[in-house]
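Each remark here refers to the structure printed beneath this line.
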Amino acid sequence: MHLGTMERVKKSIYQRAAEWGLPFGLYMACTGVAAIYADLFPPLSIISLTLLVGTPLLAYYFQRRKFIEDDGFADFSTLWMLGILLFILGTVVSSFIIFLVLQYLRPGFIYESAQAALEAYSKIPEMKDSDVLFVLQRMVNEKLLPTPIEAVFNAFWFITFGGSITSAITALIAGRRLKIK
């Protein structure tokens, strides 16, 4: 590099994912915490749903930002990998927060949700003799509901898999070249 010239330092997708994973994870944690408390404060369900719908848009935003940073030379696989890494790192951050909420702030949430589902299903005439109602009642009676850590780990795998699929779709859109005349 010559003295007096300023070159932009382009960071790898791993560096970018490390930087952007924390805010992405905090965003996802807000989604989860709003969902956990939505039964106590119903407007949180709208907030949670809005944040959930915004998750792919945020992934797209970060992928597009990387595409522009690389002057349009980031290919599909680069953007997809960035998205996958964002979802993995973001899920690690949000999982930790959600675990703390489920374990210490709202320890009865899983049981309360199962009880609410049992109550709702039992009011539907077609569901009275259903296997779903029977299995859920048995899970509650025999204390087979997942613990907070089990619920968080199940969510971790579901979100990272879904995030991989979502990232493939958003990478296709984020990597499109704009035609400017």
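The values are calculated or read from the model by the stated rules, or taken from the named source; none is laboratory data. Given the structure is predicted, the values throughout are model-derived calculations rather than measurements. Quick reminder, even Gly has a Cβ in these numbers, built from the backbone with ideal geometry, and neighbours come from all protein chains shown. Accessible surface is based on the protein model in full, side chains and every heavy atom, while ligands, DNA and RNA are left aside. Shrake-Rupley method; radii C 1.70, N 1.55, O 1.52, S 1.80 Å.
Only Lys, Arg, Asp and Glu count, each charged at its Cβ (+1, +1, -1, -1), so figure out the dipole size of segment 3-157 about its Cα centre, rounded to 20 debye. Numbers along the way, then the final one.
On the way: 12 positive and 14 negative charges, 73 e Å.
It comes to approximately 340 debye.
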Next item on the list: Please report, in whole Å, how far the alpha carbons of the chain spread along each principal axis, starting with the longest.
Entry: 75, 35, 28
Next item on the list: Calculate, for the chain, the solvent-accessible area per residue in square angstrom, rolling a 1.4 angstrom probe over the heavy atoms of the protein chains.
Entry: 65
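How long are the semi-axes of the equivalent ellipsoid of segment 53-95, defined as square roots of 5 times the Cα gyration tensor eigenvalues? Whole Å, largest first. Write down the numbers at each step before the final one.
On the way: eigenvalues 81, 25, 11 Å².
Semi-axes (√(5λ), whole Å): 20, 11, 8.
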Check: For segment 118-181 and segment 18-39, what is the separation of their C-alpha centers, rounded to whole Å?
Finding: 16
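Kindly state, to the nearest 0.05, the FRET efficiency for SER12 paired with LEU118, given R0 = 41 Å and r defined as their beta-carbon distance. If you can, show how the numbers build up before the last one.
Details: r = 50 Å, r/R0 = 1.21.
Between SER12 and LEU118 the formula returns 0.25.
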Note to self: Tell me the net charge near ILE84. Cut-off is 15 Å between Cβ atoms, ILE84 excluded, with +1 for each Lys or Arg and -1 for each Asp or Glu.
What the structure shows: +1
Next item on the list: Would you work out which of SER95, SER164, SER130 lies farthest towards the positive end of the dipole of segment 52-181? Charges go on Cβ: Lys and Arg +1, Asp and Glu -1.
Entry: SER164
Notebook entry, point to check: What length, rounded to one decimal in nm, is gained on full extension from MET127 through to TRP157, with 0.36 nm per residue of separation minus their alpha-carbon distance?
Noted result: 7.8 nm
Checklist line | Relative contact order (%) - criterion: Cα under 8 Å, at least six apart; region: the chain | finding: 32
Notebook entry, point to check: What size of dipole, in debye to the nearest 20, comes out for segment 80-173 about its Cα centre when the only charges are +1 on Lys and Arg C-beta atoms and -1 on Asp and Glu C-beta atoms?
Noted result: 180
